[in-house]
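Colleague: I have a structure I would like to understand better, so I am pasting it below and will then ask my questions one at a time.
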Amino acid sequence: MSATSIRVAQQERSRATQARLLEATVECLVEHGWSGTTTTLVAARAGVSRGAQLHHYPTKAALVTAAVAHLTERRALELRTEADALPAGPRRLDRVVDLLAAAFTGPLFVAALELWVAARTDPELRDALVPLEARVGREMHRLTVELLGVDERQPGVREAVQTTLDLLRGLGVANLLSDDSARRTALLHAWKRQLATLLAPDGGPAGDGERAGDGERAGVTA
């Protein structure tokens, strides 16, 4: 085996080790919370030696923020793939909002919430998390604009998109301790009607409740 082949094989093993560590970290955060998640527990769950874990991520803060960043990027790719399969037309806006809502109730969101709360009193974690959250927030906003196919140069569009994300985040938090699906469904139904109106190119009404997600009148493209 050539030196190049050996190096490539080592890089592949290193990436595989990192991927296992990152997946295991999110799983531990969801199951055990921040205080119950230790680097030793993560290494054991990932089937990785303690030395290998420390080589890639020397601190707990580095490990957990890398995990959230990695899985956020992966989830964004999944959302784009899922949205690509959506048809253009009356129900696209509704379906896009539903896809985004699911992102704020899944395991990754739960793991991120664990870090937000812990970072309030952990300076090392806060220093690592604040820039990551700023980047994730910008990327989620851009992704939402892309999925909805809207133009932020139109007055009110940027605010409507950000309000949607803030609403979904709040509904995700409300769903943590009990099943809030009925209230969430009702609120999202009402917001979809408002959002369709806000995103309409002419600023006019989007129509009745059955046409709240009308892609053409809401300025939404495939």
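Colleague: Would you pick out the residues in the range 25-40 that are open to solvent by 50 Å² or more (accessible area, probe 1.4 Å), part of a helix (DSSP H, G or I) and closer than 16 Å to D122 by Cα?
Modeller: As a first pass, look at the range 25-40 and keep what is open to solvent by 50 Å² or more (accessible area, probe 1.4 Å): 27, 30-32, 35, 38, 40.
From the residues that got through so far, the ones that are part of a helix (DSSP H, G or I) too are 27, 30-32, 35, 40.
Residue satisfying the conditions is S35 alone.
Colleague: Let me ask you something else. Going by the conditions given, is R75 out of contact with any Cys (no Cβ under 6 Å at 6 or more places or on another chain), assigned to a helix (DSSP H, G or I), open to solvent by 40 Å² or more (accessible area, probe 1.4 Å) and at pLDDT below 90?
Modeller: Numbers: out of contact with any Cys (no Cβ under 6 Å at 6 or more places or on another chain): yes; assigned to a helix (DSSP H, G or I): yes; open to solvent by 40 Å² or more (accessible area, probe 1.4 Å): yes; at pLDDT below 90: yes.
Yes, satisfied.
Colleague: Got at least one residue in the range 127-138 being over 11 Å from the mean Cα position of the chain (by Cα) and among the β-branched types (V, I, T)?
Modeller: yes
Colleague: When you look at A102, is it open to solvent by less than 30 Å² (accessible area, probe 1.4 Å) and either small (G, A, S) or modelled with pLDDT under 90 (or both), yes or no?
Modeller: The answer is no for A102.
Colleague: Which of the following residues is open to solvent by less than 20 Å² (accessible area, probe 1.4 Å), small (G, A, S) and more than 14 Å from the chain's Cα centre (by Cα): A88, A61?
Modeller: None of the other options fit; the residue is A61.
Colleague: Let me ask something additional. Filter the range 174-193 for residues that are of a type in the set (A, V, I, L, M) and without any contact (Cβ under 8 Å) to a residue 24 or more places away in the chain; which is most open to solvent (accessible area, probe 1.4 Å)?
Modeller: Among those that are of a type in the set (A, V, I, L, M) and without any contact (Cβ under 8 Å) to a residue 24 or more places away in the chain, it is L177.
Colleague: Please determine whether any residue of the range 152-173 is modelled with pLDDT under 90 and either open to solvent by 80 Å² or more (accessible area, probe 1.4 Å) or among the β-branched types (V, I, T) (or both).
Modeller: So far as the range 152-173 goes, no, none of its residues is modelled with pLDDT under 90 and either open to solvent by 80 Å² or more (accessible area, probe 1.4 Å) or among the β-branched types (V, I, T) (or both).
Colleague: In the list L41, L93, L86, L79, which residue meets the criterion of being under 15 Å from A111 (Cβ atoms) and touching a helix residue (DSSP H, G or I) at 6+ places or on another chain (Cβ under 7 Å)? Quick ask: steps written out before the conclusion?
Modeller: Details: L93 fails: under 15 Å from A111 (Cβ atoms); L86 fails: under 15 Å from A111 (Cβ atoms); L79 fails: under 15 Å from A111 (Cβ atoms).
Going through L41, L93, L86, L79 in turn, just one is under 15 Å from A111 (Cβ atoms) and touching a helix residue (DSSP H, G or I) at 6+ places or on another chain (Cβ under 7 Å): L41.
Colleague: Does L177 satisfy the condition of being out of contact with any strand residue (DSSP E or B) (no Cβ under 8 Å at 6 or more places or on another chain), closer than 27 Å to E78 by Cβ and modelled with pLDDT of 90 or more?
Modeller: Answer is no for this residue.
Residue-wise test of (1) modelled with pLDDT under 90; (2) farther than 22 Å from E73 by Cβ; (3) among the aliphatic types (A, V, I, L, M); (4) outside any loop (DSSP other than H, G, I, E, B).
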position	(1), (2), (3), (4)
I6	yes, yes, yes, yes
Q11	yes, no, no, yes
S14	yes, no, no, yes
T17	no, no, no, yes
R20	no, no, no, yes
V42	no, no, yes, yes
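The values are calculated or read from the model by the stated rules, or taken from the named source; none is laboratory data. Quick caveat: nothing in here was measured; it's all calculated off a predicted structure. Note: ideal-geometry Cβ built from the backbone for every residue, glycine included; neighbour counts use all protein chains shown. Accessible surface areas use protein heavy atoms only, side chains included; no ligands, DNA or RNA. Shrake-Rupley method; radii C 1.70, N 1.55, O 1.52, S 1.80 Å.
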